[in-house]
Every structure is written in C-alpha cells, then in structure tokens.
Amino acid sequence: MIKKDFPFKKSESDWKRDLDETRFHILREKGTERPFSGEYNLHFDKGTYTCGACHIPLFNSDQKFESGCGWPSFDDAIEEAVTYLLDKSHGMMRTEIVCSNCGSHLGHVFNDGPTKTGQRYCVNSLSIDFKK
C-alpha cells in the first residue's frame, strides 16, 4: 500500500475486515472500477462526497462536473483533503490522489479539465460516499 504516514491509522487486516472485497481492492490496493459502472458517475445531487474508507469530506457537489470519461469528475478538492503522489505505474507518469486522512486511493488528477481550474479529478465511485 502507501508508504506515506497519514493521521488515521488502521492495519491492512482491519481495512480488509471493514471494507468489502471490491472497495478494499480500489481503496487500499489502488484498483480501478470499470468506466461508466460507478454509482456516482452521473450523480449530481447537492451535498458532499466523503472518503469511502474513513468518511472525511473530500469534494463538494459544486466541484463535480460531467467529463464523459466514465468516472466521477471534480475540478477541485476540499482544501487539504487530498494528497498528491507521483504514480509511474502502467508505463505512464500520472498524479495519484489519495485521502489525506487515511491514505486510501481515490483516483488520479489530470490537467485537462474544462472549468477555470483546468483540473479533472478522476475518482472511482467505490472510493467515495455521498452525504446530502
């Protein structure tokens, strides 16, 4: 998993016990759900998106937009809620985004967003929860 130190501490065996198999794979093993399969891809209710592992707020609904990429997309994150890590996997150089509280994998951020921030936070639906 992630080597950085995060405030919320839990053993990987405890995460495995507390998360279902698919969520554990995405959040703790840096997996990815299939595009266009996630619950929050086309979800636009007003509220807050929280970490699917430790439940801290990560994104506000006014930061969400339809990108057409198949995953929930946001143009920014709540201040200090997300940590940025260099990801050199799969022969690419990308910026991984993880929860700043527990280190769980959320997705990646790209510099091709259509809004004024120019950012597209591409997030797995299974790595977040929604609260109205």
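Some notes on this structure:
- Across Lys16/Lys46; Lys4/Lys88; Lys30/Lys88; Lys64/Lys131; Lys64/Lys116; Lys9/Lys30, pairs whose alpha-carbon gap is larger than 22 Å: Lys16/Lys46
- Candidate aspartates and glutamates for bridging to Lys10, where Cα separation is under 15 Å - those fewer than 8 sequence places away on the same chain excluded: Asp18, Glu29
- Chymotrypsin sites (Phe, Trp or Tyr not before Pro) restricted to DSSP loop in the stretch 1-41 with at most 12 other C-beta within 10 Å: Phe36
- In order along the stretch 57-63, phi translates into HN-Hα couplings of x, 10, 9, 9, 4, 6, 8 Hz, rounded to whole numbers, per the Karplus curve 6.51 cos²θ - 1.76 cosθ + 1.60 with θ = phi - 60° and x for Gly and Pro.
- Whole-Å semi-axes of the stretch 12-131's equivalent ellipsoid (Cα gyration tensor): 20, 17, 14
- Whole-Hz couplings from phi, Karplus 6.51/-1.76/1.60, listed for the stretch 120-128; x for Gly and Pro: 10, 7, 9, 10, 6, 4, 6, 9, 10
- Cleavage-rule hits, trypsin sites (Lys or Arg not before Pro), the stretch 76-131, DSSP coil, Cβ neighbours within 10 Å at most 14: Lys88, Lys116
- Amide H contacts under 5 Å for Gly47, placed H, 5+ residues apart: Ser61, Asp62
- Exposure proxy ranking for Leu106, Leu19, Leu27, based on other Cβ atoms within 10 angstrom of each Cβ and starting from the fewest, stands as Leu19, Leu27, Leu106.
- Cleavage-rule hits, GluC sites (Glu not before Pro), the stretch 1-87, DSSP coil, Cβ neighbours within 10 Å at most 12: Glu66, Glu79, Glu80
Values in this text are rule-based calculations from the coordinates and carry no lab data. Predicted, not measured: the structure shown is a model, and the values here were computed from it. Here the Cβ is made from the backbone with ideal geometry for all residues, glycine too, and neighbour counts use every protein chain on show.
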